[in-house]
Amino acid sequence: MPADTEGSQIAFRFGLNKTGGMRGPPLVTSRQLKGDQEARKRFEDAAFEALSRCFPMRITPAFGAILGESPIRLRLVNTPPRAMQDFR
């Protein structure tokens, strides 16, 4: 995550086609960006880049056949690392 963006978050909505590719560009459904203008742009650019590296994804023909019009929602949040004891 880019420096000076702790607490930033962005949410996307998108669809997948039957071959695992995105159907068009993702839609930003919400954003709460922290930092100065340059930091906010770096966070948003990094989020789009991370999302684009995931696709196309490998899917089975059976799963591809049922993807249809089901939207996928994904939220990326820059939170500080937590110690393992916090998860027990």
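Six or more apart or on different chains, Cβ under 9 Å: which pairs go from a residue in segment 54-69 that's in contact (Cβ under 8 Å) with a residue 40 or more places away in the chain to one that's small (Gly, Ala, Ser)? Could you list them?
Going by the 9 Å Cβ cut-off, the qualifying pairs are Met57/Gly20; Met57/Gly21; Ile59/Gly20; Gly64/Gly20; Leu67/Gly15; Leu67/Gly20; Glu69/Gly15.
How many residues does segment 49-72 contain that are assigned to a loop (DSSP other than H, G, I, E, B) and either under 17 Å from the mean Cα position of the chain (by Cα) or not β-branched (Val, Ile, Thr) (or both)?
Matching residues across segment 49-72 total 10.
What single numbered condition from (1) at positive phi; (2) surrounded by 18 or more Cβ atoms within 10 Å (Cβ to Cβ) fails to hold for Leu16?
All conditions are met except number (1).
Could you grab me the full set of residues in segment 1-29 that are modelled with pLDDT under 90 and under 11 Å from Ala47 (Cα atoms)?
Met1, Pro2
Please go through segment 1-41 and pick out each residue that is part of a loop (DSSP other than H, G, I, E, B), of a type in the set (S, T, N, Q) and either without any contact (Cβ under 8 Å) to a residue 12 or more places away in the chain or touching a helix residue (DSSP H, G or I) at 6+ places or on another chain (Cβ under 6 Å) (or both).
Those that are part of a loop (DSSP other than H, G, I, E, B), of a type in the set (S, T, N, Q) and either without any contact (Cβ under 8 Å) to a residue 12 or more places away in the chain or touching a helix residue (DSSP H, G or I) at 6+ places or on another chain (Cβ under 6 Å) (or both): Thr5, Ser8.
The values are calculated or read from the model by the stated rules, or taken from the named source; none is laboratory data. This structure is a prediction, so every number in the text was calculated from the model and none was measured. Cβ: placed from backbone, ideal geometry, glycine included. Neighbour counts: every protein chain shown.
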